[in-house]
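The values are calculated or read from the model by the stated rules, or taken from the named source; none is laboratory data. All values reported here derive from a predicted model rather than from experimental measurement. All Cβ positions, even for glycine, are placed from backbone atoms using ideal geometry, and neighbour counts span all protein chains on display.
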Amino acid sequence: MSEISAFSGLVDLARDGTVLGSSDDFFAEASRLLLPEAPVFIPGKYTERGKWMDGWESRRRRVPGHDWAIIALGLPGVVRGVDINTAHFLGNHPPFASIEGCTAPADATLSHLLDAAVWTEILPETALQRGSHNLAAVRSSESYTHLRLRIYPAGGVARLRVYGTPVTAAAGAEIDLAGLAQGGRALACSDMFFSPMNNLLRAEEPENMGAGWETRRSRPPGDDWVILALGQTGRLAALTVGTLHFKGNYPDRCSIEAIRWPGAPAHALIESPDWTPIVSQTPLRAHHNHRLPVADGGPWTHLRLRIFPDGGISRLRAWGVPAADLPEDTLLASINDASSAEARALLGRCCGARRWIDAMVAARPFVSRAHLHGTAAVAWWRLAPSDWREAFTHHPRIGADQAKLREKFAATADWSAGEQAGVQGASEQTIAELSGANIAYEARYGHIFIVCASGLTAGEMLDRLNARMHNEPHIELARAAGEQAKITRIRLEKLSQ
């Protein structure tokens, strides 16, 4: 497993950190534990103490006890996972390791950390494999500034990576809301063949191309993208897009979009239709920092940088101030301010699945329409097939008698009639064919035919029904669920009318 892909979406808190000391590093210096480059093995290279190894290696222990190294993290934060990499240490790796954390002043000395700091074990003693990435999840809600890696009893570790979420630093008048020090992180990208996406958010200026984010050459040319979570919800004043060190491989153009959806899952952001353009396509220059004004300052929680067609970006800075105020939106207010019972009734007009309604009521307050629609979609696709079928029962059959529909579906009759407007005025033959096709559909699949009928004629609805009759049942159920998701989105918007 590559270091780039391990614990994707989290930040290496130890990068730019410091090894303050160790119990022993006779064969190889403990300071090499945090080097950013992958460890290498050089046959035939020796020092006066023995074989040169790219990592930390203590001498063979002939007395009781074990060895340790203490690290000041480059970014204090909550640790979610670690990679104790024993690459090239084959007959000399430690069989076990554990990790502790503590919080101490930035200028804490090694003696203070050894004698006065309060340490908490965050990774119990874990078996290590030789010559391997030893990945382990960490369950802790506390943030730490320092870690102590213990190895039992001794041996060599090539690299230590500490993946987690940085603690948000105190905000000034204008800060880089996307910076790693503020808790910003890269969530997903189209490609990071040459260098990882989190490099974009590092505080220091890049020393070379490898310290930025670079995609492979696209064939055919198109565009690449990266989605970034801001460390804090904020209003943006400007963005800086840097191409430092990218001279023959910088993108031709870039654009930037934003969204306000706290805690949004990365997969849902990739598919979301609710991104707002804030920087239109802008030409870029080689080896240059471009300060770009924004068309809409937000507040926002995420950014999506698009580059055309491909290439390298060294840094992205999102200059702004933290702001989490709620927008003036009658739709959001009607849902957020309603009692639980009122909200359930309101949302029940949009989708009849009870567990979907429960999830939506629990997710309040919604801070934007993107947040509302995104949560609705995520909650829907997390339901079971039985929940989808429950929602289908709240729909009238397309082409059924409108008077009976209004009696049975009084709360949504006006919406159903509007959504099926293409049926009204259709010929008797087409209505008859629709009715017959619906009966055949229900007999085959066990639920009524669901289609987002807005804008469709009766003939088009009939064509879609007939085309979908060839689907396997599990495929058709998913198709129907997708149509229900479209209908729910439209009905949520209608709540404001």
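One line per residue, one yes/no per condition, for (1) at pLDDT 95 or above; (2) hydrophobic (A, V, I, L, M, F, W, C); (3) outside the structural domain of residue 462 (by TED's automatic domain parsing):
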{"residue": "337", "(1), (2), (3)": "no, no, no"}
{"residue": "359", "(1), (2), (3)": "yes, yes, no"}
{"residue": "374", "(1), (2), (3)": "yes, no, no"}
{"residue": "385", "(1), (2), (3)": "yes, no, no"}
{"residue": "391", "(1), (2), (3)": "yes, yes, no"}
{"residue": "397", "(1), (2), (3)": "no, no, no"}
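Tell me whether region 238-249 contains one or more residues that are crowded, with 16+ Cβ neighbours inside 10 Å, touching a Phe, Trp or Tyr at 6+ places or on another chain (Cβ under 7 Å) and not in a strand (DSSP E or B).
yes
Identify the residue in region 123-160 that is of a type in the set (A, V, I, L, M, F, W, C) and surrounded by 23 or more Cβ atoms within 10 Å (Cβ to Cβ) and, among all such residues, is farthest from residue 14 (Cα to Cα).
Among those residues, the one meeting the criterion is 151.
Does residue 113 meet the test of being in the same structural domain as residue 59 (by TED's automatic domain parsing) and under 25 Å from residue 54 (Cβ atoms)?
no
So, of the residues in region 57-77 that are under 34 Å from the mean Cα position of the chain (by Cα) and modelled with pLDDT under 95, which turns out to be nearest to residue 35 (Cα to Cα)?
74
Out of the residues in region 338-360 meeting the condition of being of a type in the set (A, V, I, L, M) and over 22 Å from residue 385 (Cβ atoms), tell me which one is surrounded by the fewest Cβ atoms within 10 Å (Cβ to Cβ).
Filtering first and then ranking leaves 341.
Determine which member of the set 259, 335, 278, 313 is farther than 26 Å from residue 212 by Cα, surrounded by 21 or more Cβ atoms within 10 Å (Cβ to Cβ) and not aromatic (Phe, Trp, Tyr).
Selected residue: 335, the only one of 259, 335, 278, 313 that is farther than 26 Å from residue 212 by Cα, surrounded by 21 or more Cβ atoms within 10 Å (Cβ to Cβ) and not aromatic (Phe, Trp, Tyr).
Scan region 7-14 and tell me whether some residue there is in contact (Cβ under 8 Å) with a residue 60 or more places away in the chain and on the phi > 0 side of the Ramachandran plot.
Yes, region 7-14 contains at least one residue that is in contact (Cβ under 8 Å) with a residue 60 or more places away in the chain and on the phi > 0 side of the Ramachandran plot.
For region 316-332, which residues satisfy the criterion of being among the charged types (D, E, K, R) and surrounded by 15 or more Cβ atoms within 10 Å (Cβ to Cβ)?
317, 329
Just checking, which of 229, 286, 237 is out of contact with any strand residue (DSSP E or B) (no Cβ under 9 Å at 6 or more places or on another chain) and assigned by TED's automatic domain parsing to the domain that holds residue 192?
286
Could you check residue 75 against (1) touching a Gly at 6+ places or on another chain (Cβ under 6 Å); (2) crowded, with 20+ Cβ neighbours inside 10 Å; (3) not polar (S, T, N, Q) and say which number it fails?
Condition not satisfied by residue 75: (1).
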